[in-house]
Amino acid sequence: MTRSDLVEELAARFGQLTHRDAEYAVKTILDAMSDALVRGHRIEIRGFGSFSINRRPPRMGRNPRSGESVAIPEKRVPHFKPGKALREAVDKRTAELNAVKPV
C-alpha cells in the first residue's frame, strides 16, 4: 500500500472527507510521526505497533569494487516493532488465504 492508496482508502471510508482533506490528514500524521522520531521520541500505537530509533555503531566496511576498507559512520535508523494484535491478525489472515488457495 502506498501513500496515495492510503489517501484513497481514507477518502472512500469517510464520505464527508474530500480527497484533499484526506491527503492533508495523512500528510499531517506522517509529518508528526517523522518529527517525533527526529526528536528521539518513541511512537506507540496500541494494537498496531511501535516506532523507535535504533543506533547503528560506526564500523569498517569494504568497497566491493576495489576491496579497500571504508569507514562507515554511526547512523540512527527508524525501527518498527509490530504489536501483538497486528502480528496475530496478519498470521490469521495469511493462514486463511493460504488455506483457500489450491496448491
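Table: residues versus (1) at pLDDT below 95; (2) open to solvent by 80 Å² or more (accessible area, probe 1.4 Å).
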residue: Ile29; (1), (2): no, yes
residue: Gly47; (1), (2): yes, no
residue: Asn54; (1), (2): no, no
residue: Gly61; (1), (2): no, no
residue: Ser69; (1), (2): no, no
residue: Pro82; (1), (2): no, no
residue: Ala95; (1), (2): yes, no
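I need the full set of residues from region 47-68 which are farther than 16 Å from His79 by Cα and touching a residue at least 24 places away in the same chain (Cβ under 8 Å), in order please.
The answer is Gly47, and nothing else.
State all residues of region 52-83 that are closer than 25 Å to Ser34 by Cβ and not in a strand (DSSP E or B); if no residue qualifies, say none.
Pro57, Pro58, Pro73, Glu74, Gly83
Scan region 11-26 and give yes if some residue there is within 15 Å of the chain's Cα centre (by Cα) and open to solvent by 80 Å² or more (accessible area, probe 1.4 Å), otherwise no.
no
The values are calculated or read from the model by the stated rules, or taken from the named source; none is laboratory data. Note that the structure is predicted; figures quoted are calculated from it, not measured. Every residue, glycine among them, receives a Cβ derived from its backbone with ideal geometry; neighbour counts consider all protein chains shown. To get the accessible areas, we keep the full protein, side chains included, count just its heavy atoms, and leave off ligands, DNA and RNA. Shrake-Rupley method; radii C 1.70, N 1.55, O 1.52, S 1.80 Å.
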